[in-house]
Structure formats: structure tokens, C-alpha cells
Amino acid sequence: MKITNIHEKNQLYLCLIMSRSGKKTPIFGFSTSDSEKKDKRMANRSFRHKAKQQIKTGKEPVTDMNEIITTWDMSKDAKRYIKKPTPKQMRK
């Protein structure tokens, strides 16, 4: 973050100029989907539901999320490394 002074009509304004944050490593999701937020929410709901059911029946509750859902069930299948990404791709 950078602080600058702007002089305008005998007024002094302090402005904060934010730099754009960027990714350090060019690894991106392999899909047309922007986010997996809905998939993660549904997976966590089913995980909690399954754990509650097992506790009520006296069984040992599920401890691993992979028993409920795999990453292949979500909208982004995998991630990949891009050798020459554009500046737009490297923005967060």
C-alpha cells in the first residue's frame, strides 16, 4: 500500500493507492466453473448429516471427507500449471 498526497485547489488529500495482489504460482482449476463453493457446501452438509446419523445409531462417526465425496464429483476436476500465463490470469 502506498500513501500519496494530492494537491487540488489548495486542499490536501491523502489517498491510499492499493497495488494489485497477484498469484505467485500459475496453477489454475481445469474447468469452465469459477468456483466450487456450492459443491463444498453440499459436501460438508452431507458429511455432517452422515456423522449425526451414525452418532444416533451408536456407530463410530465418519472422520474422513473422502468417504462422502471425491474431488472428481465437484465442478472443477483438477488443477494444471500454465507455463506463460497472462497478467489477467495472475490476478487474484
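When you work out D = kT/(6 pi eta Rh) for segment 41-92 at 20 °C and 1.002 mPa s, using the Kirkwood radius from C-alpha pairs as Rh and the Stokes-Einstein form, the result is 154 µm²/s. In summary, the aspartates and glutamates within cross-link reach of Lys50, defined as a Cα separation below 13 angstrom excluding same-chain residues under 8 places away, comprise Glu60, Asp64, Glu67.
Give the lysines whose C-alpha is closer than 22 Å to that of Lys84, dropping any in the same chain fewer than 8 places away, or say none. The reachable lysines, counting only those whose Cα sits under 22 Å from Lys84, are Lys23, Lys24, Lys76, Lys92.
Readers should treat all values here as calculations from the given coordinates under stated rules, not as data from a laboratory. The model shown is predicted, which means the values in this text are computed figures rather than measured ones.
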